[in-house]
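The values are calculated or read from the model by the stated rules, or taken from the named source; none is laboratory data. Given the structure is predicted, the values throughout are model-derived calculations rather than measurements. Cβ sites come from the backbone with ideal geometry, for glycine too, and all protein chains shown count toward neighbours. All accessible areas refer to the heavy atoms of the entire protein, side chains included, with ligands and DNA or RNA removed. Shrake-Rupley method; radii C 1.70, N 1.55, O 1.52, S 1.80 Å.
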Amino acid sequence: MTTVELIDTSNKKDTTASIFSSYSEPTNYISQLVMSSNTGVDFNKIHLFVKAGQDGRSQGACPFCQTVFLQLLVKAKTNNFNFDVLTINLDNPPKEFKELSLKPPVLLHGSSKLLDANAENNAVILSDVDEIAEYLDQSYPNTLLVQDKTNARSVCLNVFSKFSHFIRDVATKSTSLEAELEKIDSFLKELYNNDLNEVKFMNGTDQMNLVDCYLLPKLQHIRIAGESIKQFKIPNRFKFLWKYLKVSYETDLFYKSCPPDREIICHWSKSFLSQKHLLQIIQEAPYKTLSVHDEIKI
């Protein structure tokens with residue numbers, strides 16, 4: 001089983017840079033390490049490049065990046081491999097990364113000049129979330145990600161698009177968003193035979209798979225940005241959905257992969273908040289909302 005360590009990159013350039021001290025000519029984003037599973041040179045290590053936050057260094061609030069981050073954490077519980085997570089400042093990406101013509105999330109597995117000038121370029125490089133999941137399943141077969149015996153994915157296909165329309169004022173009311181959230185709540189209620197105490201994940205087990213890795217980051221964006229920007233709260237009556245969130249919040253996997261609230265808020269509000277207001281948000285402590293309101297009786 002792979003042990004992973006969470007590293008605060010905001011004010012620790014020397015500490016994180018030293019992790020790669022044995023690499024020759026490290027690129028300028030090596031110090032922007034979010035997580036590493038070991039400290040030695042390993043040319044078979046998986047590298048995940050994710051969007052940087054508002055400070056250009058810490059983890060940003062890209063739900064698709066968190067999806068792949070979760071995939072790696074799920075896989076690392078039952079398979080033996082090393083991986084790390086590094087941030088890319090999209091406003092000023094390193095030349096070597098820019099030449100890939102890809103946007104995060106990007107998974108790199110194997111030897112590459114991107115991280116070591118003396119290495120051979122024979123790495124697998126993927127940026128499609130589904131292709132990454134399939135590759136991880138093929139490479140590390142324990143705990144399959146791509147399995148959906150309950151057809152759960154079809155239930156949550158539209159929830160994020162409805163949220164995007166609502167928060168960007170394409171839709172003036174939250175009706176369509178609430179309808180999609182209700183679908184998920186009803187699905188969980190039926191899946192777990194109307195028993196809140198039994199609720200785990202979308203596949204009917206206590207193990208996350210690709211559907212959860214997709215859905216949970218999006219629900220977190222809906223919760224945090226919806227409430228902060230649009231004063232929208234996921235209705236208390238969706239008790240099975242809230243229990244699903246509670247179960248997820250209690251996992252080490254979600255805690256490690258989840259960006260702070262301030263990054264989620266900035267992600268959705270950059271286009272209409274003043275620079276002064278954005279700066280205030282960025283300077284807030286990197287708090288993560290990972291609990292359920294007391295008034296929700298679950």
Could you give the angle, 0 to 90 degrees to the nearest 10, between helix 63-76's Cα long axis and the longest principal axis of the Cα atoms of the chain? 70
Could you work out how far apart the two model spin labels at GLU295 and ASN142 are, taking each label as a point 7 Å from the Cα in the direction of the beta carbon, and quote it in nm? 4.5
Here the gain from full extension of ALA285 to SER154, 0.36 nm per residue of separation minus their alpha-carbon distance, amounts to 43.5 nm
For ASN79, other-chain or 5+-apart residues with amide H closer than 5 Å (H placed, Pro excluded) are THR2
Expressed as a whole percent, how much of the Cα-Cα distance distribution for segment 137-229 exceeds 24 Å? 28
Net length gained if the chain between GLU96 and THR78 were fully extended (0.36 nm per residue, minus Cα distance): 3.2 nm
Sequence-distant or interchain residues sharing an amide H contact under 5 Å with PHE232, placed H: which? GLU227
Net charge of Cβ neighbours under 15 Å - reference GLU134; Lys, Arg +1; Asp, Glu -1: -3
Counting other Cβ atoms within 10 Å of each Cβ, which trypsin sites (Lys or Arg not before Pro) in segment 127-166 have at most 12 and sit in a DSSP loop? LYS149
Can you tell me the orientation of helix 210-230 relative to the chain, as the angle in degrees between its alpha-carbon axis and the longest Cα principal axis, to the nearest 10? 70
Exactly which GluC sites (Glu not before Pro) in segment 193-298 are in a DSSP loop and have at most 10 other Cβ atoms within 10 Å? GLU295
Working from Cα positions, state the angle (0 to 90°, nearest 10) between the long axis of helix 129-139 and the longest principal axis of the chain. 60
Could you tell me which Cys residues in the chain have no other cysteine's Cβ under 4.7 Å from their own Cβ, answering none if every one has a partner? CYS156, CYS213, CYS258, CYS266
Between ALA171 and residues 5 or more places away or on another chain, the pairs with built amide H atoms under 5 Å apart involve PHE166
Treating every alpha carbon of segment 168-293 as one equal point scatterer without solvent, the Debye formula yields log10 I(q)/I(0) values at q = 0.11, 0.15, 0.16, 0.18 Å⁻¹ of -0.42, -0.75, -0.84, -1.02
Once you mark the chymotrypsin sites (Phe, Trp or Tyr not before Pro) that are in a DSSP loop and have at most 10 other Cβ atoms within 10 Å, what is the longest gap between them in the chain? 1-271
Once the mean of 1/r over all distinct C-alpha pairs in the chain is inverted, the Kirkwood radius in Å reads 20.0
Subtracting the Cα-Cα distance from 0.36 nm times the residue separation, let me have the gained length for SER164 to SER176 in nm, one decimal. 3.2 nm
Which value, in Å to one decimal place, does the Kirkwood hydrodynamic radius take for segment 57-127 when every pair of different Cα atoms is included? 13.4
Regarding segment 41-190, what's the average projected area of the Cα-atom convex hull, expressed in nm²? 11.2
Just the number please: accessible area per residue for the chain, 1.4 Å probe, all protein chains included, in Å². 47
Where both residues lie in the chain, what percent of DSSP beta bridges are antiparallel, nearest 5? 70
